[in-house]
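The values are calculated or read from the model by the stated rules, or taken from the named source; none is laboratory data. Predicted, not measured: the structure shown is a model, and the values here were computed from it. Methodologically, a virtual Cβ is constructed for each residue, glycine included, from the backbone with ideal geometry; neighbour enumeration extends over all protein chains shown.
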Amino acid sequence: AAQDAALLDRRERVLGAPYRLFYQRPVHFVRGEGVFLYDADGNDYLDAYNNVPVVGHSNPVVRARVSEQLGILNTHTRYLTDGVVSYAERLIDRFGGAVEQAVFVCSGSEAVDLALRMARHVTRRRGIIATSHAYHGTTDAAAAISPSLGPNNEVPADIALVAAPDLGASDPQTEEREFAARVDHAIADLRARGVEPAALIIDSIMSSDGLHGTVPVLGAAAQVIRRHGGLYIADEVQPGFGRTGDWWGFERHELAPDLVVIGKPMGNGVPIAAVLGRASVFDSFGGDVRYFNTFGGNPVSIAAADAVLDEIDDRGLRDNAATVGADLRAALSSLAAEDDGISSVRGAGLFLALELQDDGVPNASRATAVVNHMRDARVLISASGPAENVLKIRPPLVFGSEHLPRLADALRAALAASPG
Ligand code: PMP
């Protein structure tokens with residue numbers, strides 16, 4: 001503990017305010033393996049939070065492929081290399097014809113930034129519509145459509161925000177119609193400011209909006225933006241790579257996005273992300289703009305991404321997300337049946353949420369207390385949503401049925417220890 005306090009002090013001095021820590025009582029991790037992280041005393045923490053190590057912390061297949069590639073070649077994409085071509089073919093294949101080409105970058109934010117730039121260039125317009133508590137990233141353009149960053153995050157005049165649809169709605173048709181109407185209204189608002197709409201961008205599982213769900217409500221809004229000459233951008237940074245039991249979150253909405261953004265789990269922690277879309281969009285952008293990315297698509301990050309696809313396939317992790325996710329959801333539903341303060345259980349595959357309310361009012365303090373109790377039971381989850389009252393459960397996809405009881409028991413105990 002004394003050592004941790006000293007480390008915290010040093011961290012504060014050299015990293016400072018931008019590097020916020022998760023817990024009031026921080027956990028000091030020294031290694032990870034599979035679905036577990038370990039502290040300096042060798043205690044295991046069940047990771048039910050992290051989306052990045054999708055095929056498991058310190059995955060041996062990824063590690064072997066990355067270190068092999070590091071010893072062979074690492075360079076940029078202006079030379080002819082094999083891996084990036086084969087991987088692009090393999091990745092594009094997973095989209096069932098929805099996309100034709102890919103550009104590789106190093107983070108989800110960079111991919112969002114590039115997708116916005118492409119949409120604005122191709123349409124020769126500026127306006128972007130996003131949901132009112134979204135998170136899309138950290139560059140200036142991505143932060144401008146990330147209201148979840150808080151009240152000091154400036155929203156420029158070429159951005160219009162719409163309330164997110166409820167992906168858990170019991171009447172999907174009404175929800176879909178109402179969301180499309182809000183997008184239509186946002187387009188009129190932009191036009192009243194002299195701004196034409198270039199794109200609507202949606203996180204297909206609305207992670208930061210706290211509304212993770214499966215109800216197909218996005219299709220009509222995609223049609224609205226297209227009817228007005230804009231593009232539909234699916235931000236798949238959170239739901240992508242099989243987490244929901246489908247390869248991509250947009251599949252449930254039966255829509256084909258004009259641009260798709262992926263990242264996070266793509267390299268299991270090795271930085272790699274991408275924008276994908278139709279060749280016509282890429283031709284128009286690439287024909288006019290000199291685009292170059294030093295690290296994007298380098299052979300080492302591609303080796304990691306290729307190993308991730310191997311692992312998802314070889315170990316059946318997408319099916320695992322669907323089946324273990326269904327069992328976990330059932331366990332959460334039985335907790336909800338015992339607890340009036342749980343107002344809904346939502347989600348798909350291994351991306352699940354419990355919303356906490358007290359007499360219809362969001363209960364953020366209980367959510368925080370539950371997250372901290374779980375930390376003391378060495379199970380990692382988080383709270384999110386506009387009111388910070390939605391417990392988010394999103395383990396690596398190697399989370400198996402053998403891990404379920406520990407998560408469910410810790411959650412039951414944490415809820416009992418944090419009443420109302
Ligand atoms: N889009 C979404 C939906 C995200 O959740 C995130 C990261 N939390 C990003 C984009 C940005 O990705 P990165 O942090 O890799 O830049």
Among the candidates 263, 229, 249, 269, residue that is of a type in the set (Gly, Ala, Ser) and away from the ligand (no atom under 13 Å from the Cβ): 229
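Residue-by-condition table, conditions (1) in contact with a Cys (Cβ under 8 Å, 6 or more places away or on another chain); (2) more than 26 Å from residue 293 (Cβ to Cβ):
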| site | (1), (2) |
| --- | --- |
| 227 | no, yes |
| 239 | no, no |
| 249 | no, no |
| 268 | no, no |
| 272 | yes, no |
| 278 | no, no |
Sole exception among (1) of a type in the set (Ser, Thr, Tyr); (2) surrounded by fewer than 20 Cβ atoms within 10 Å (Cβ to Cβ); (3) not in a helix (DSSP H, G or I) for residue 148, by number: (3)
Residues that are crowded, with 24+ Cβ neighbours inside 10 Å and part of a helix (DSSP H, G or I), drawn from the stretch 210-252: 221, 222, 225, 249, 250
Subset tally (residues that are in a helix (DSSP H, G or I), within 16 Å of the ligand (Cβ to nearest atom) and either more than 16 Å from the chain's Cα centre (by Cα) or not assigned by TED's automatic domain parsing to the domain that holds residue 234 (or both)) for the stretch 92-114: 1
Residues (aliphatic (A, V, I, L, M), touching a helix residue (DSSP H, G or I) at 6+ places or on another chain (Cβ under 9 Å) and closer than 25 Å to residue 103 by Cβ) located in the stretch 58-84: 62, 66, 70, 72, 73, 84
Tally, over the stretch 1-46, of residues that are within 26 Å of residue 61 (Cβ to Cβ) and either assigned to a strand (DSSP E or B) or of a type in the set (A, V, I, L, M, F, W, C) (or both): 14
Residue among 79, 49 that is surrounded by fewer than 22 Cβ atoms within 10 Å (Cβ to Cβ) and within 16 Å of the ligand (Cβ to nearest atom): 49
Residue within the stretch 282-304 that is at pLDDT 95 or above, within 16 Å of the ligand (Cβ to nearest atom) and part of a helix (DSSP H, G or I) present: yes
Conditions (1) within 16 Å of the ligand (Cβ to nearest atom); (2) touching an Asp or Glu at 6+ places or on another chain (Cβ under 7 Å); (3) touching a residue at least 60 places away in the same chain (Cβ under 8 Å); number of the one not met by residue 278: (1)
Flag for residue 307 being buried (at least 21 other Cβ atoms within 10 Å of the Cβ), within 28 Å of residue 270 (Cβ to Cβ) and touching a residue at least 60 places away in the same chain (Cβ under 8 Å): yes
Some residue of the stretch 54-70 being within 30 Å of residue 382 (Cα to Cα), under 20 Å from the mean Cα position of the chain (by Cα) and within 16 Å of the ligand (Cβ to nearest atom): yes
